[in-house]
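See structure below.
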Amino acid sequence: MYANYLNPETFKETERILKSDDVSDAMKKISEKVLMGTTLSRGEFVYLLGLKDSPDRKALFRLANAVRHDNVGETVFVKGIIEFSNYCKRDCAYCGIGASCKIKRYRMRPDEIVKVAIDSAKHGIDTIILQSGEDPFYTTDVLIDIIKKIRNHTRRPVSLSIGERTPKELELFKKAGASKYLLKQETVNSRIFKSVHGSDYEVRISLLKALVKLGYIAGGGDIIGLPGQTLGDIADDIIFMRDIGVKMAGIGPFIPTQNTPLENYPSGSADVTLNAYACTRLAIPTIFLPTTTALGTLDPGLQYKGFEAGCNVIMVNFTPDKYRQVYRIYDNKRKVEFYETVQELLKRGKKLSFSVMKSLKEEELV
Ligand code: SAH
């Protein structure tokens, strides 16, 4: 059977699930569908997203892990993020750097951004992610210059997470050398989106589609636990990302943040977040799927649990300390440090992206 040959771990896991007395018939059917490459339905995703600790949930995680193994292998990709500006023209209700938040603002100078990027590349990280609020201070030309310089000096892939720009700009950034772009849809439920983000729902969705079309490794993703959001909405997010062809997904729990309109709402569920990782892996087998800082903010151990639910990426932070303290998109944001993370991953027996291993001296790893 082809499926066995191409997906040996998924095959083994499915066999195990089918033989288990304590796994439900629904879960058995789902694992067979996954093995055969049949798309799962919205109802099936809703079922999986709602699983609490149970034999079915264990089966879900093991299945997601097997799909990850068969499609993208065992490597954990360590990416470095530089948060270069906390100015933002938007006012998202969940976010701590929205325009009307009274916080200390900073902008890194272009040469400073390039310098930090070069330094992070020396650590051997896999991709340099430039993230900021939506800050028009960085014009198209300034950004193009930064991208080109980073590419020239480091040869590392450059990923942007700078919010909405025009399709023309996205094209120019690509030409300048950016190959990845994260523009989370946040929620595909337009009513919720409008209440927490603004009137730009159609624009944001069409830009995400444009990124896919332009040949970017395009990243979508959602926030788990926005007010009013149902498991059906989260299932819709996963199906949406599958259908438009994203290749990365940033999925994290909502974290309430002081002095924002949502400060008194509860955090998103860690369990649902982990279930969403597993479902996303089943839906898009080759996806780059980070276990997010937001999940690690609920509990650091949880971030590593993401690797048991189908994740294969972690982002470490290279923002200079003086800025990092004020880049508070949410409260108590966990500091994900390079060395600490690498050591923790190695302790857990993970294989790291080749460049990390190569650039670190043996003694630095122990
Ligand atoms: N300005 C860029 C980058 C946003 S910050 C953009 O609009 O794309 C990166 C991500 O942090 C956001 O996409 C959002 O999903 C997440 N985020 C912001 N505030 C959050 C909060 N309070 N809880 C959880 N995630 C949050």
Requested in this report: Sorted from largest down, give the three principal axis spans of the alpha carbons of the chain, whole angstrom values.
Outcome: 60, 50, 36
Report summary line: Restricted to segment 76-362, the DSSP antiparallel beta bridge percent, nearest 5, is 5
Query - Unsatisfied cross-links (Cα-Cα over 22 Å) in the set Lys104/Lys168; Lys305/Lys351; Lys174/Lys213; Lys104/Lys333; Lys102/Lys333 - result: Lys104/Lys168
Report summary line: The farthest towards the positive end of the charge dipole of segment 76-362, of the residues Gly198, Ala309, Val142, given +1 on Cβ of Lys and Arg and -1 on Cβ of Asp and Glu, is Val142
Requested in this report: State to the nearest 20 debye the size of the charge dipole of the chain about its Cα centre, where the only charges are +1 on K and R beta carbons and -1 on D and E beta carbons.
Outcome: 900
Query raised in the report: In deg cm²/dmol and to the nearest 500, what is the mean residue ellipticity at 222 nm of the chain if only DSSP H runs of at least 4 residues count, each as -39500 (n - 2.57), divided by the residue total?
Result: -14000 deg cm²/dmol
Query raised in the report: How large is ³J(HN,Hα) for each residue in segment 133-139, as worked out from phi by the Karplus curve 6.51 cos²θ - 1.76 cosθ + 1.60 (θ = phi - 60°), to whole Hz, x for Gly and Pro?
Result: x, 7, 10, x, 3, 7, 6
Report task. Enumerate the calculated ³J(HN,Hα) couplings along segment 52-59 in order (Karplus 6.51 cos²θ - 1.76 cosθ + 1.60, θ = phi - 60°), each rounded to whole Hz, writing x wherever the residue is Gly or Pro. Result -> 9, 3, 5, x, 5, 5, 4, 4
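Do any GluC sites (Glu not before Pro) in segment 74-179 lie in a loop, going by DSSP, with at most 14 other beta-carbon atoms within 10 Å of their beta carbon, and if so which?
In loop regions of segment 74-179 (DSSP not H, G, I, E or B), the sparsely surrounded GluC sites (Glu not before Pro) are Glu74.
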Report task. Normalise the Cα radius of gyration of segment 179-266 by 2.2 N^0.38 Å (N = residues in it) and let me know the number. Result -> 1.09
Report task. Tell me the trypsin sites (Lys or Arg not before Pro) within segment 163-194 that lie in a loop according to DSSP and have at most 12 other beta-carbon atoms within 10 Å. Result -> none
Report task. Kindly point out, ordered by number, any Cys in the chain whose beta-carbon has no other cysteine beta-carbon under 4.7 Å away. Result -> Cys88, Cys101, Cys279, Cys311
Report task. Could you give the spread of the C-alpha atoms of segment 289-328 along their three principal axes, from largest to smallest, in whole angstroms? Result -> 34, 18, 11
Query raised in the report: How large is ³J(HN,Hα) for each residue in segment 190-195, as worked out from phi by the Karplus curve 6.51 cos²θ - 1.76 cosθ + 1.60 (θ = phi - 60°), to whole Hz, x for Gly and Pro?
Result: 5, 5, 5, 4, 4, 6
Query raised in the report: In Å, the Kirkwood hydrodynamic radius of segment 8-71 over pairs of distinct alpha carbons?
Result: 11.6
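Quick note: the coordinates plus some simple rules give every number you see, no bench work behind them. Bear in mind that the values here come from a model prediction, so they are computed numbers and not experimental data. Cβ atoms come from the backbone with ideal geometry, glycine included; neighbour counts cover every protein chain shown.
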